[in-house]
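As C-alpha cells, the structure follows; a few thoughts come after it.
What follows is calculated from the coordinates using simple rules that are stated; it is not laboratory data. No experiment lies behind these values; they were computed from the predicted model shown. With ideal geometry, Cβ positions are generated from the backbone for all residues, glycine too; neighbour counts draw on all protein chains shown.
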Amino acid sequence: MQRTGNLQIWSARPEVEGPDFLGTASTSELTLAVRLRDIVPSESAILGIKVATWVRAIIANDLATFRADLHRAMVVSGYQADE
C-alpha cells in the first residue's frame, strides 16, 4: 500500500474576508488557513503550531486509512479473523 500526495497553496483574492492563504494536501480534506501576518515579516510561532497540528491530523487520517486497509487485506488473506 502506498499513499502519495502533494501540497497546494491557494491565495485569496484581496476583497475576500478571512485567511490570505489556504493550504491543502491531496491526501486529505483538511485545510490549513494562514494569514499574511503569520508569515510576514517572518514566520510566527502561531503558524508553526498551525502547521504542526495540521500535519499531525493528516498523518493520523492517513494512518487510520492504512490500518483499515491493512485489516481488510489481512482478513482476505486469512491472517486475521474478521471482527
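Angle, helix 45-77 long axis vs. longest principal axis of the chain, Cα atoms, 0 to 90°, nearest 10? Relative to the chain, helix 45-77 is tipped by roughly 20 degrees.
What you get for the stretch 7-76, charging only the Cβ of Lys and Arg (+1) and of Asp and Glu (-1), is a dipole of about 200 debye around the Cα centre.
Here the stretch 6-83 has an Rg and Dmax of 18.2, 58 Å, counting Cα atoms alone. Of PHE66, ALA52, THR31, which is farthest along the charge dipole of the chain in the positive direction, counting Lys and Arg as +1 and Asp and Glu as -1 at C-beta? About the Cα centre, the residue reaching furthest to the positive side is ALA52. Summed over qualifying helices (DSSP H, 4 residues or more, each -39500 (n - 2.57)) and divided by its residue number, the chain shows a 222 nm mean residue ellipticity of -14500 deg cm²/dmol.
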